[in-house]
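Heads up: the structure comes next, in structure tokens.
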């Protein structure tokens, strides 16, 4: 897997409603408002799989904290805050995905500089988690599967001024199916926000799973 790189040749898109972003998440459902902007940063209380109670969600997170330790759990909570904030403002995100023979090429952008900052945080963080096998969404079949196949995935992330360009590929035809399915799921997150994030992500019918 290649490291994240930056590309500054693409013009920055002007924000229609720039507004300030609150500095840092305040834990579950307690994000802050940026001055002069309707932009809350932080996790959504009870944002769990459809049908899971808040008590069950908290138990799942406590079990994860016991497994990964405090430092990693703090990272996970930050990543979760960023992801939930992006979901909350999904209408301000534009995503284009092209299926290629070995996987996908995606460009995810926003006209809001605050959203761009979050994309610049979120995309490399997900790349890093895949590299080190620091999983997430354990309840969602597609996510444990792509972490299990991580050694067969090649991911190149390029940060551009208005978002992130990602090329995710594999030499394994079975894993290519998984990559393309995951690319579609991320696009659905952008289209539908929390409504999609609470749903499981089905694996392709002809994909041979290993988990």
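Filter segment 189-208 down to the residues that are without any contact (Cβ under 8 Å) to a residue 12 or more places away in the chain and under 16 Å from residue 88 (Cβ atoms), then identify the one that is surrounded by the fewest Cβ atoms within 10 Å (Cβ to Cβ).
The first filter runs over segment 189-208 and keeps only residues without any contact (Cβ under 8 Å) to a residue 12 or more places away in the chain, leaving 195-196, 205.
Next cut, under 16 Å from residue 88 (Cβ atoms) only: 195-196.
Details: 195: 13, 196: 17.
Among them, the one singled out is 195.
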**Q.** segment 173-188, subset over 14 Å from residue 106 (Cβ atoms) and surrounded by 15 or more Cβ atoms within 10 Å (Cβ to Cβ), residue nearest to the chain's Cα centre (by Cα)
**A.** 178
Q) Which residue pairs have Cβ atoms closer than 9 Å, lie 6 or more positions apart in sequence or on different chains, and pair a first residue in segment 112-131 that is closer than 26 Å to residue 144 by Cβ with a second residue that is at pLDDT 95 or above and assigned to a loop (DSSP other than H, G, I, E, B)? A) 118/89; 119/162; 130/153
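The values are calculated or read from the model by the stated rules, or taken from the named source; none is laboratory data. Source: prediction; values computed, not measured. Reconstructed Cβ throughout: ideal geometry from the backbone, glycine too, with neighbour counts over all protein chains shown.
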